[in-house]
Amino acid sequence: MTETGEAVPEEVVKKLAYSFPIVRHTDMPEEMKEETIALCISAFEKCSNNNENTAKMVKDSMDKMFGTAWHVVIGESFGFGVTHEAKHLLYMFYGGSLAICIWKCC
């Protein structure tokens, strides 16, 4: 309920409830992890309904900030097994069931 007594749509409540990142696994240094999470949130806000554009935006930004060879997968209900450079992997959820896997190859 809002201050005026109007009911808030359930879709808005769900979106607000899941609008924070949940890091499932990472081996990144703390500073890199925080920058990557902020970058992902920013990309999701700009391209909220197109995962392909969001992944491209995150990959391009990671390449500029931390060097080339970054890979980004965004979607629901996927598993993965990757070989990655040490201290360059982040796997997190955002917006409920949307998963983001970011890693750098050697």
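The values are calculated or read from the model by the stated rules, or taken from the named source; none is laboratory data. None of these values were measured; they are calculated from a predicted model. FYI the Cβ positions are ideal-geometry reconstructions off the backbone, even for glycines, and counts take in every protein chain you see. Ligands, DNA and RNA are stripped out before the accessible areas are found, and what is left, the full protein with its side chains, is counted by its heavy atoms. Shrake-Rupley method; radii C 1.70, N 1.55, O 1.52, S 1.80 Å.
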Which one is surrounded by the fewest Cβ atoms within 10 Å (Cβ to Cβ), of the residues in the range 1-29 that are at pLDDT 90 or above and more than 20 Å from Leu98 (Cβ to Cβ)? Pro29
Pull up the range 51-79, narrow it to residues that are of a type in the set (Gly, Ala, Ser) and open to solvent by 60 Å² or more (accessible area, probe 1.4 Å), then point me to the one that is farthest from Cys101 (Cα to Cα). Ser77
Note on the range 88-106: residues within 11 Å of the chain's Cα centre (by Cα) and among the hydrophobic types (A, V, I, L, M, F, W, C) are Leu90, Met92, Phe93, Leu98, Ala99, Ile100, Cys101, Ile102
Looking for something in contact with a helix residue (DSSP H, G or I) (Cβ under 8 Å, 6 or more places away or on another chain) and surrounded by fewer than 12 Cβ atoms within 10 Å (Cβ to Cβ) - is there at least one such residue anywhere in the range 30-46? yes
Surrounded by fewer than 17 Cβ atoms within 10 Å (Cβ to Cβ) and either within 13 Å of the chain's Cα centre (by Cα) or at pLDDT 95 or above (or both): does that describe Glu85? no
Show the residue pairs meeting these rules: Cβ distance below 8 Å; 6+ apart or different chains; first residue within the range 51-66 and free of Cβ contacts under 8 Å to residues at least 24 places away in the same chain and among the polar types (S, T, N, Q); second residue open to solvent by 60 Å² or more (accessible area, probe 1.4 Å) and in a helix (DSSP H, G or I). Thr54/Lys46
